Amino acid sequence: MITPAFELSQDPDFLTIIIDVPYARASEFDLYFEGEDFKFYSKPYFLRLTLPGRIVEDGREKASYNVDKRTLTIRLPKESPGQYFEGLDMVTSLLAPKKSRSAKHLVEEIGASAVLSEEEEEEEFEWEIEQTPYKETAESFPALQYYYGFGNLRSGVFQRLQDELSDVVDVKDPDKTPVCERRKERLAAEAAKFDSDHYLADFFEDEAIQHVLKYKPWWVEAHEKMVALQGESHQKHDSNAVVVFTEEEKEQLRRFTNKSYLLDKRSRHHVYLSLIDILLAYCYDICVNEGEQNVESSWNVRKLSATLCWLECFYDIHDVVVCFGRRVLCYPLHRHFDLVTRALNDTVMILQLGRAAVLKCLLDIHKIFRESDPAYLLNDLFITDYCVWIQKTKSKKLAALSESLQKTALAKSHLGFELEELEAAALLVQEEERHLKAAAAVSRQQLPSSESETSDSEESSSTSSETEGSDSDEQESSAGEDGKINSSQGVLQEEGTAPLIDCNGLRQVANTSMVESFRTA
């Protein structure tokens, strides 16, 4: 059976499903729908959907076939007219079968020490700083295997793929390195990499940076449209009204395998914070490249994200923001603090747009890594799971996350590189150079008034030089008549009259007593 391409849309009373069936017979198809279940069959196609809302069969349902486009359009009445169905663009989630609810876990991941966590839980999620961060001990991992990847559910991967993954991540031997050691090594590497000259060059000569900051990615327009729609109807809208997936993205969503993740509260916390970290790196790359991806895009995203590059686990949002800011000022071509704040604002907008916008960005990251060797391995560790997991998250979770990120303050002093002191010192040097140039300009303006004095001094010096020249001619002629000075004496005379420099750097006149004694002899 082939899963056909399909689209879902809605109005207040109906749910519309458009199915692309180019090789099916329009006269032969089976259709079943009840409640949240929808099934369609027409050889060779089979489609089963779990809808986000309930539909009903009451005689108003309708199906039509477009011969030219080879598409089947089905309109189904909503059980509750006016109800808004969320997540109609979450294709992977819609394709998943409806799971039975049970207190007993039918599948349990051994060694992950996690419990099944449903995103439907209505508890408030705490995004602020945890007062007692989790500390790893030897008892936590009796086999000395440390976890990483999405939700910290993976281990032992680097033992099997050490050669390939060594070019992707910076941490050495992740399977035997705890998170605390990874963090220490990361901070040391950033401190060694920071270049004050590079930072100051971008700080003073920022024409290229100011140019890229003017670029507006697609989510800016989508966010403006969403705000306008909310202002008109005075209610929140799902992002599928303003975020549109391409056919390539829809095809990728159909290829993903639906999964259920075993995450405890701590792991869910790490997943959300790492999502911010990855989106920040992605927003930076989109900004500096003005939306045009290049061969450096894969490097930018994974290098600026400590989650991807160092397998970092964050404990609060401020740590995420500080880490991202440090890496922006250490590694890429453009190292400017304004690029950090721009990426923060862009990430807030993406989270406010909701699941569809976040998923669209994750699909783009997935494509970037898929086309880069060996970065494609990061899809297996992180991005693919994020693409599946995000489709099941609640919109209010992302809204709370965006609100907390928006309230997170970041200053240059938080990054630990003494940026304000560097800038102050550089500005002081710049001011001194301006004063020196001004003084030089004043002295050049005073030159015409002293030209007469200069000419008089030049005439006196020329007269004295002529007198010295005549005296030297007489000495040479007398020396030639006596015939007592041979070639070796000439050499000694030159050495005697040459200036000497002592160890203190002062000029001295050579002692000529040796030359005189040689002449007497």
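The values are calculated or read from the model by the stated rules, or taken from the named source; none is laboratory data. If you're wondering where the values come from, they're calculated on a predicted model, not measured in any experiment. All Cβ positions, even for glycine, are placed from backbone atoms using ideal geometry, and neighbour counts span all protein chains on display. Please note that ligands, DNA and RNA were not included when accessible areas were found on the heavy atoms of the full protein model with its side chains. Shrake-Rupley method; radii C 1.70, N 1.55, O 1.52, S 1.80 Å.
Data overview
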read-out	value
Hits in the stretch 402-433 (condition: in contact with an Asp or Glu (Cβ under 8 Å, 6 or more places away or on another chain) and surrounded by 13 or more Cβ atoms within 10 Å (Cβ to Cβ))	S404, K412
Qualifying residue in the stretch 32-54 (condition: outside any strand (DSSP E or B) and open to solvent by less than 50 Å² (accessible area, probe 1.4 Å))	yes
Residue match in the stretch 169-188 (condition: open to solvent by 30 Å² or more (accessible area, probe 1.4 Å), on the phi > 0 side of the Ramachandran plot and not β-branched (V, I, T))	yes
Flag if K396 is free of Cβ contacts under 8 Å to residues at least 12 places away in the same chain, charged (D, E, K, R) and closer than 30 Å to L88 by Cα	yes
Any helices (runs of 4 or more DSSP H) falling wholly within the stretch 292-392 and containing at least 1 residues that are farther than 30 Å from E86 by Cα and open to solvent by 10 Å² or more (accessible area, probe 1.4 Å)	297-304, 317-328, 337-353
Matching residues, the stretch 55-70, being assigned to a strand (DSSP E or B) and open to solvent by 50 Å² or more (accessible area, probe 1.4 Å)	K62, A63, S64, Y65, N66
Any hit, the stretch 176-189, residues being assigned by the TED database to the domain that holds G325, assigned to a loop (DSSP other than H, G, I, E, B) and at pLDDT 65 or above	yes
Failed item, numbered, when R268 is tested on (1) in a helix (DSSP H, G or I); (2) within 11 Å of the chain's Cα centre (by Cα)	(2)
Any hit, the stretch 247-267, residues being in contact with a Leu (Cβ under 9 Å, 6 or more places away or on another chain), touching a residue at least 12 places away in the same chain (Cβ under 8 Å) and among the β-branched types (V, I, T)	no
In the stretch 51-75, the residues that are in contact with a Pro (Cβ under 8 Å, 6 or more places away or on another chain) and either over 22 Å from P12 (Cβ atoms) or free of Cβ contacts under 8 Å to residues at least 12 places away in the same chain (or both)	R70
